[in-house]
């Protein structure tokens, strides 16, 4: 970040106003509480460039897909999380002069995101034309203790004058999405009420008919003494508010507290929704700001206790990784299996705010190590959507299940054919997530009761999607897009072929285990899914005869057929002004180039590290990473983890830094559209799986840690099979402490240590 920002281990601090970077900063200062969230736009009127986005988890609109050439099977709708009622709005005027930072004069601008406590503060000193100076401070938080509630305060202190401050707190439901087709609005008014005690706005979405009720109340103080000023009631279509005139006295602060309650028909009955919303608001109003904030902070502290990583010796890294953890913790709490994680969280509209394979690839492992019940709920999200995945496969005329590339309700809602029906590798990520959960937790109940259904249907898809080439006596997978989206419609993407076979192998292995463990349950499953031995034999034949492109002379796996026919140029040889490629090159030029958007071959080494020896991984990493532009947010962390596993510690650290500060530094020049939430989980993993070398192999908990040269130490906590462990890596030793649970065998660099509750293991770092 530039000189306008102060490095701080717990805060993101902006020290001057930057209207040219407004959207980028709105993304950075996003707040949420898993139920709802909003970008960091201003409470008061602002006529400059801004994306004023307020979003509610699970509230979406199926926008009609519009394409020039309709293809059979094309998703009919592009579902999107929609901009909802603007509830933070509080317009201000001093002596009749509107306060608008695009037009008003001011000094001492400062904005501060307190990540430890989940609070955003903004302040400036207003300079009126007649020499009046007024200090204005805004604070906001969204309650982590009560997700339906949020609080905002404005404190105005006249430094050298008397006057009248006019405050206009409001709720505005007349909003739209920037990416809506033809500017269409998605909300219809159901009801609105306003009196001196509260204001309420009830709206419903078109088509999906989600009902959302939003209510507000305000308190006013002068010099900390409660006041009761007359409120002028404002009401128009989809808008309710108050206009309040407050007298100002020099050096006596005026404070307005705004309490907000937001409830939806996803969680409450429609016929009682308004009453529930008012009741929650009333409770919050009576409880008061300080008490609500105290409860909120307590929850934040517990979350940090579960997931914090403490770094000594590198402030930029510490700030970066905490920013990643903060955004993850405030965006998703895992309590509702109907919800999943969107790549932007609550920070923007790009990608529709809906779920990709990022969840299984990166987010699920993060929660697996911090709260495995959340990981389990993420698996249930896919299980409940198995019927829609089978429907999706049928659109291609194929058996089994093809999980959607993009979804919010289980149905595919992406609007690019090449992604929707060619990037089928996402099936493998979902299969691997089942393995990952089972392997890490040791809990086979999900696998045998639910997961196997998913695995079988995914395996059926792979078995039907392959093509048999009789000339080579090999099965092939044709016309796909691998993880590298800078190549479309290729044949035999090595990653896709490898992971398809792995899925078939894991499904057969799991079925055999279930047959041995519980023959009756196996028979019930077989009957339910019409699973016959002939089908398993076909899968085994595919396993034995799958084709894999290989470059023998280099000893590497070829990313796909014909990849080596491309002109081979390294990223370091590109002019810096041409990067990122997606901002400067035509799509045609990108597709014809050898440049890789994100981990493709390397992705396999992340999912299946134990399947390949270190020299094999090094050869492939040495070839592919120099050709990778890392223009996907998912790429740096994956490469960092793999680099750690092959002893490339400097490279791992370089890529970790890029991942940790991807948004704070706006490396990909797209943070104005929202943060890269799902990749933030990968940053946490880059330390825990990469630097610390945490793994579970054949049920054994293993570590192989190292300390980056720039650091003095790092430490973190994690959960493993009902045990709470703390790991600290210093320059000269490794400390492992068990905080709870039964004794555990820990394998540190191959040597076994017995850990127990309250015990700290000390070992020298070699």
Going by the structure shown, is residue 515 farther than 30 Å from residue 563 by Cα, assigned to a helix (DSSP H, G or I), modelled with pLDDT of 95 or more and within 35 Å of the chain's Cα centre (by Cα)? no
If you go through region 82-96 one residue at a time, do you hit one that is modelled with pLDDT of 95 or more and in contact with a helix residue (DSSP H, G or I) (Cβ under 8 Å, 6 or more places away or on another chain)? no
Identity of the residue in region 690-723, touching a strand residue (DSSP E or B) at 6+ places or on another chain (Cβ under 7 Å), assigned to a loop (DSSP other than H, G, I, E, B) and without any contact (Cβ under 8 Å) to a residue 60 or more places away in the chain, that ends up surrounded by the most Cβ atoms within 10 Å (Cβ to Cβ): 692
In region 374-398, which residue that is modelled with pLDDT of 95 or more and outside any helix (DSSP H, G or I) is surrounded by the most Cβ atoms within 10 Å (Cβ to Cβ)? 385
Could you pull out the residue among 327, 257 that is within 23 Å of residue 376 (Cα to Cα), crowded, with 19+ Cβ neighbours inside 10 Å, touching a helix residue (DSSP H, G or I) at 6+ places or on another chain (Cβ under 7 Å) and modelled with pLDDT of 95 or more? 327
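May I ask you to say which residue of 200, 142, 171 is over 18 Å from residue 238 (Cβ atoms), in contact (Cβ under 8 Å) with a residue 40 or more places away in the chain, crowded, with 17+ Cβ neighbours inside 10 Å and under 34 Å from the mean Cα position of the chain (by Cα)?
Values: 200 fails: over 18 Å from residue 238 (Cβ atoms); 171 fails: over 18 Å from residue 238 (Cβ atoms).
Selected residue: 142, the only one of 200, 142, 171 that is over 18 Å from residue 238 (Cβ atoms), in contact (Cβ under 8 Å) with a residue 40 or more places away in the chain, crowded, with 17+ Cβ neighbours inside 10 Å and under 34 Å from the mean Cα position of the chain (by Cα).
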Looking for something surrounded by fewer than 21 Cβ atoms within 10 Å (Cβ to Cβ), closer than 21 Å to residue 364 by Cα and at pLDDT 95 or above - is there at least one such residue anywhere in region 452-464? yes
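Would you kindly identify the helices (runs of 4 or more DSSP H) lying entirely within region 556-610 that contain at least 1 residues that are more than 21 Å from residue 662 (Cα to Cα)?
Details: elements: 581-584, 587-592, 601-607.
Because the criterion is at least 1 residues that are more than 21 Å from residue 662 (Cα to Cα), the helices (runs of 4 or more DSSP H) in region 556-610 that meet it are 587-592, 601-607.
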Out of 758, 726, sole residue that is assigned to a loop (DSSP other than H, G, I, E, B) and either surrounded by fewer than 17 Cβ atoms within 10 Å (Cβ to Cβ) or touching a strand residue (DSSP E or B) at 6+ places or on another chain (Cβ under 8 Å) (or both): 758
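Tell me, which residue of region 432-457 that is part of a helix (DSSP H, G or I) and out of contact with any helix residue (DSSP H, G or I) (no Cβ under 7 Å at 6 or more places or on another chain) is nearest to residue 381 (Cα to Cα)?
Within region 432-457, the subset part of a helix (DSSP H, G or I) is 432-441, 445-457.
This time we only want the ones that are out of contact with any helix residue (DSSP H, G or I) (no Cβ under 7 Å at 6 or more places or on another chain), so: 439, 445, 449.
On the way: 439: 19, 445: 16, 449: 15 Å.
Among residues in region 432-457 that are part of a helix (DSSP H, G or I) and out of contact with any helix residue (DSSP H, G or I) (no Cβ under 7 Å at 6 or more places or on another chain), the one nearest to residue 381 (Cα to Cα) is 449.
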Filtering region 419-468 for residues that are within 18 Å of residue 489 (Cβ to Cβ) and in contact (Cβ under 8 Å) with a residue 40 or more places away in the chain leaves a count of 11
Would you check which residues across region 266-275 are surrounded by fewer than 18 Cβ atoms within 10 Å (Cβ to Cβ), in contact (Cβ under 8 Å) with a residue 40 or more places away in the chain and over 29 Å from the mean Cα position of the chain (by Cα) and list them? 270
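Residue check: is residue 83 more than 25 Å from the chain's Cα centre (by Cα), in a loop (DSSP other than H, G, I, E, B) and under 30 Å from residue 417 (Cα atoms)? Even if it seems obvious, please write down each step before you answer.
On the way: more than 25 Å from the chain's Cα centre (by Cα): no; in a loop (DSSP other than H, G, I, E, B): yes; under 30 Å from residue 417 (Cα atoms): yes.
No, not satisfied.
The values are calculated or read from the model by the stated rules, or taken from the named source; none is laboratory data. Keep in mind that what you see is a predicted model, and the values were worked out from it rather than measured. Virtual Cβ from ideal backbone geometry, glycine too; neighbours counted across all protein chains shown.
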